[in-house]
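Structure, as structure tokens:
The values are calculated or read from the model by the stated rules, or taken from the named source; none is laboratory data. The shown structure was predicted, so the numbers you read here are calculated from the model rather than taken from an experiment. Glycine also receives a Cβ, built like all others from the backbone with ideal geometry; neighbour counts cover every protein chain displayed.
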Amino acid sequence: MPVQLLILYDNLSFEAGLESAWGFSCLIQGLEKTILFDTGGNGRILLSNMKNLGINPADIDLVMLSHEHNDHTGGLELFLTENPRAEVLIPESFSLQIKQMIKTQNGEYAEINQQNEICKDAFSTGELGDSIKEQGLVIKTQKGLLVITGCAHPGIIYLLDRIRQNFRESFYLVLGGFHLFNLPEEEVEKITGQFKEKGVSKSAPAHCSGDKARGLFEKKYGSDFIKIGVGTKVIVE
């Protein structure tokens, strides 16, 4: 069955009726479980975009939060009022405040520290990084690994290196926030080259990657660059 990625929350939107805002959320369908990766910064916007994209919050089995910044966790509380049965996967370092909020909404959470299989073919990278701890999502497909990142605060290349060590499979697609918006152009250009060196087939920078990085990745990847905004759908057979 194909894996489908649908962007529910991003800084950009390419469709009328879909609202953009600073933050990120991606829905993953076609696996053993339907996964919501991050919840954006505003629950109203998240739920509105879901409704306009024909997504029922009750159909989501699992919410995975990459890191504890509001532009990735801010939509969770309102989402849980619509679907309190969804399990929430959080890095172990998350504050007591978020854990208590989940319980207040009658939700359940599991804390992630090490690499962990979420469901068949889907894995958390485990908590990575020092000052800002973050988990990413890795999905195995016949075409290679799909990697989804919230902001890649530990460093996008560091994340890819850790994933390569643990999985030893080729990268098909890397999608999400790469946190490159404040880097000099030559640094970003170097990173686009490193993506190619690591055999990443398709790139899809979103959210905090920045306009400059999007332009440089598009230049480097050509037809293998995927432009990301609210409503973007990526299907991997």
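Within the stretch 80-98, which residues are exposed (fewer than 15 other Cβ atoms within 10 Å of the Cβ) and part of a helix (DSSP H, G or I)?
Those that are exposed (fewer than 15 other Cβ atoms within 10 Å of the Cβ) and part of a helix (DSSP H, G or I): Thr81, Leu96, Gln97.
Looking at the stretch 173-196, I want the residues that are under 16 Å from Leu137 (Cβ atoms) and have a partner that is among the polar types (S, T, N, Q) and in a strand (DSSP E or B) with Cβ atoms under 7 Å, at least 6 apart or on another chain. Which pairs are those?
That search, which allows pairs on different chains as well, returns Val174/Ser203; Gly176/Thr149; Gly177/Thr149; Phe178/Thr149.
Kindly indicate which of Gly136, Gly144 is under 22 Å from Gly41 (Cβ atoms) and modelled with pLDDT of 95 or more.
Working: Gly144 fails: under 22 Å from Gly41 (Cβ atoms).
From the options Gly136, Gly144, the qualifying one is Gly136.
Which numbered condition trips up Thr34, out of (1) within 25 Å of Ala152 (Cα to Cα); (2) in contact with a helix residue (DSSP H, G or I) (Cβ under 8 Å, 6 or more places away or on another chain); (3) without any contact (Cβ under 8 Å) to a residue 24 or more places away in the chain?
(3)
Can you tell which of Glu19, Glu77, Glu68, Glu32 is within 14 Å of the chain's Cα centre (by Cα), outside any strand (DSSP E or B) and surrounded by fewer than 22 Cβ atoms within 10 Å (Cβ to Cβ)? Give the derivation first.
On the way: Glu19 fails: within 14 Å of the chain's Cα centre (by Cα); Glu77 fails: within 14 Å of the chain's Cα centre (by Cα); Glu32 fails: within 14 Å of the chain's Cα centre (by Cα).
Of Glu19, Glu77, Glu68, Glu32, the one residue that is within 14 Å of the chain's Cα centre (by Cα), outside any strand (DSSP E or B) and surrounded by fewer than 22 Cβ atoms within 10 Å (Cβ to Cβ) is Glu68.
Quick check on the stretch 131-149. Is at least one of its residues touching a residue at least 40 places away in the same chain (Cβ under 8 Å), touching a helix residue (DSSP H, G or I) at 6+ places or on another chain (Cβ under 7 Å) and crowded, with 22+ Cβ neighbours inside 10 Å? Steps first, answer last, please.
Residues of the stretch 131-149 touching a residue at least 40 places away in the same chain (Cβ under 8 Å): 132-137, 139, 141-144, 146, 148-149.
Those left that are additionally touching a helix residue (DSSP H, G or I) at 6+ places or on another chain (Cβ under 7 Å): 136, 149.
The next check asks that each one be crowded, with 22+ Cβ neighbours inside 10 Å; those that pass are 136, 149.
Yes: one or more hits.
Do you know which residues across the stretch 115-155 are of a type in the set (Ser, Thr, Tyr) and assigned to a loop (DSSP other than H, G, I, E, B)?
Going residue by residue through the stretch 115-155, those that are of a type in the set (Ser, Thr, Tyr) are 124-125, 131, 141, 149.
Within the stretch 115-155, Thr125, Ser131 meet the criteria.
Looking at (1) in contact (Cβ under 8 Å) with a residue 40 or more places away in the chain; (2) in contact with a Lys or Arg (Cβ under 7 Å, 6 or more places away or on another chain), which is the one condition that is false for Leu128?
So Leu128 meets the others, but not (1).
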